[in-house]
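Below is one structure, written out as structure tokens; the observations come after it.
The values are calculated or read from the model by the stated rules, or taken from the named source; none is laboratory data. What you see is a predicted model; the values in this text were computed from it and never measured. Backbone-built Cβ (ideal geometry, glycine too); neighbour counts: all protein chains shown. Calculation scope for accessible area: heavy atoms of the full protein, side chains included, ligands and nucleic acids excluded. Shrake-Rupley method; radii C 1.70, N 1.55, O 1.52, S 1.80 Å.
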Amino acid sequence: MKLLLDRPKVVALTHCSNVTGVVHPVEELIAEIRAACDATIVLDAAQSLPHQRISVRELDVDFMAFSMHKMLGPTGVGCLFGRSELLAALRPLTVGGGMVDWVDLDGSVDRRIPFKCWMGPVAGGAR
């Protein structure tokens, strides 16, 4: 945990290895991270979520990412679950698919969470 002394902005953890299947002790790691610094914690749960329930509140992570194809869903679809205040502060790199409420020459107004991060098809056709 010496790297935490450098006070990183983000710490990403893998909950379960996709190679060995080992479930890492993320509860303990998260507690150590919280005690050492104020980094944003991102949990990769793509391998573990299909096999067990995960309480984001109990784990105290800021974001959790997973993919649908690991849960017999369509390929190319993923999910980023996050704390509302952190998601609200994010600005998407690209805009489209109904993510904004208003656009004019001076800028745009984002829709509220979760719609401001949605890049799905636009009503009336594909994007």
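Things to note:
- Reported count of residues in segment 76-102, each being over 26 Å from LEU49 (Cβ atoms) and modelled with pLDDT of 80 or more, is 3.
- Residue list for segment 1-10, restricted to those being closer than 20 Å to ALA89 by Cβ and open to solvent by less than 80 Å² (accessible area, probe 1.4 Å): PRO8
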